[in-house]
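The block underneath contains the structure these notes are about, expressed in structure tokens.
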Amino acid sequence: MASLHARLRPWWLALPLVCACGDNAAPQGSADAAPRPDGAPGVDAPAVVADAAPPDAVERGPVTITVIGNDGLPDADAHVLFYDDADTLVEDVAVDGAGGASVDLLRGGFAVILGVINNRATVLADLDPGDEITYRAPRFYPTIDVNWTVPTYLGATAYRIHDISGQVEGPGPVVVKPTWSVPTTNVAAVATAGGLPLASLPAQDVAIFDGATPTLTGDWVEASTTTVTLAGVPAGWTSNGSVSSVSTGVTSVDGPAFVAGVATGPVLDLGDDRAMARVSLAEPGAFGQQIVLRYLARGGAHTVDVADHVLPWFTSATWDMSARTFTVVFPDAVPQVDMLYVTLFANDGSGRSWEIYGRRADGFALPDLPAAYDAMDLGMASVFISGPSLYRTDDATLAAAVRAAPVNAWFSSVHAVGTTVTLLSPGS
């Protein structure tokens, strides 16, 4: 078994992207990106090492997979292969008109989704009886231009428009913003001077179309001073980060950075009362980095203690071709997580890849595809590993969402006040 450390990539390079058909691609590569307009959240990333099932736990039961294509509609061409384990194919199911497929599986089984993205298999591992999971392929949107008119703000030298697809800055009072062709959007205008944000003017559910000329009205909201003190950083680790404005459907606005463990400064109102502390953590000699996201009430003073949220570093991630196993090794106990995400790319020029979402931090064996799908099987090809990335949250509702829509919940970046998310991945 050959270790593939040199070929591991950071988690943000592994994420499936939502692309626009113009030059305004969705900002899906950071934990600050906005949710997607189809209701699937927008970036960031992201299962639990299952405890032993109780004696009366159901060991076999229905697992339902719903496949949504990149047009936002059920994908009638998809197939879902259901496995009790890596060696036992239960059924190859062509999805129905609603994109659904359902089979009774043993606890710990697999579903392999084929036919949605060219040359890509999507594997959902560690399934439980009763699971109902929706897989949404990355969406593609044409780009339109919207001409936003904003009121002037005393002292401002420029104005930004933030919406679901990113931000654009102009001198005002009209700012032309390329964006995705969606019926309505949340938006926030930001008045700036010398590149620094001064005040914001948010609006919700504004109707847009190509060439639309909406006018934002109302009073500008001055930024609220927010102070966050960082605590619980393990001895010898380094930390940095910032506090950002966040709101559903609007790209974030960076706020004050941590200096000597404290971040204090103005945080804007983008449409609600939330802010997010983003803390990047590293340990000399450790493999990768961790990002802890803590969602806070905007304004006031807060303490973010990361001690209970950091994950142990893993020491290696390997693919064994003959055994068809992907293994992540930890020096001590295997942590509980809500998701492991990794993509394996065949190194044979075929373009084949397997994106895998599991609920165990230490990896899994992968199913052997039937002969009819040999063109997609990794077989004995050597692979390039993108990831793995581990995702854990302290919010039970969010953890359930990650299990029910793993691709989309991974991308979700704006959560309830009090929620903490931890991402561990190779790279920096």
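The values are calculated or read from the model by the stated rules, or taken from the named source; none is laboratory data. These figures come from a predicted structure and were not determined experimentally. Neighbour counts are summed over all protein chains in view; Cβ atoms, including those assigned to glycine, are modelled from backbone coordinates with ideal geometry.
Structure data summary
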item: Condition check for A277: surrounded by fewer than 21 Cβ atoms within 10 Å (Cβ to Cβ) and either small (G, A, S) or not in a loop (DSSP other than H, G, I, E, B) (or both); result: no
item: Failed condition for V80, given (1) out of contact with any Phe, Trp or Tyr (no Cβ under 8 Å at 6 or more places or on another chain); (2) β-branched (V, I, T); (3) crowded, with 19+ Cβ neighbours inside 10 Å; (4) part of a loop (DSSP other than H, G, I, E, B); result: (4)
item: Qualifying residue in the range 318-334 (condition: of a type in the set (K, R), farther than 23 Å from A404 by Cα and modelled with pLDDT under 95); result: yes
item: Residue check for G166: touching a Ser or Thr at 6+ places or on another chain (Cβ under 7 Å), buried (at least 19 other Cβ atoms within 10 Å of the Cβ) and of a type outside the set (A, V, I, L, M); result: yes
item: Count of the range 130-163 residues which are in a strand (DSSP E or B), surrounded by fewer than 22 Cβ atoms within 10 Å (Cβ to Cβ) and within 29 Å of the chain's Cα centre (by Cα); result: 7
item: Residues of the range 245-266 classified as modelled with pLDDT under 95 and buried (at least 22 other Cβ atoms within 10 Å of the Cβ), total; result: 9
item: Selection within the range 103-122 - crowded, with 23+ Cβ neighbours inside 10 Å, in contact with a Pro (Cβ under 8 Å, 6 or more places away or on another chain) and of a type in the set (A, V, I, L, M); result: L105, V112
item: Members of the range 103-120 that are touching a Gly at 6+ places or on another chain (Cβ under 7 Å), farther than 11 Å from E91 by Cβ and assigned to a strand (DSSP E or B); result: none
item: Residue count for the range 280-300, restricted to those that are within 21 Å of G418 (Cβ to Cβ), part of a loop (DSSP other than H, G, I, E, B) and among the small types (G, A, S); result: 1
item: Residue list for the range 83-94, restricted to those being within 29 Å of the chain's Cα centre (by Cα) and either under 11 Å from I113 (Cβ atoms) or exposed (fewer than 14 other Cβ atoms within 10 Å of the Cβ) (or both); result: V93, A94
item: Hits in the range 391-418 - residues which are modelled with pLDDT of 85 or more, touching a strand residue (DSSP E or B) at 6+ places or on another chain (Cβ under 6 Å) and either at positive phi or among the polar types (S, T, N, Q) (or both); result: T393
item: Scope the range 265-323; condition closer than 17 Å to T248 by Cα and hydrophobic (A, V, I, L, M, F, W, C); matching residues; result: V267, L268, L270, A275, M276, A277, L293, L296, A297
item: Where a residue in the range 190-209 is buried (at least 21 other Cβ atoms within 10 Å of the Cβ) and its partner, wherever it lies, is acidic (D, E) and part of a strand (DSSP E or B), with Cβ under 9 Å and at least six apart; result: V190/E169; S200/E222; I208/D163
item: Conditions (1) touching an Asp or Glu at 6+ places or on another chain (Cβ under 6 Å); (2) in a loop (DSSP other than H, G, I, E, B); number of the one not met by G218; result: (1)
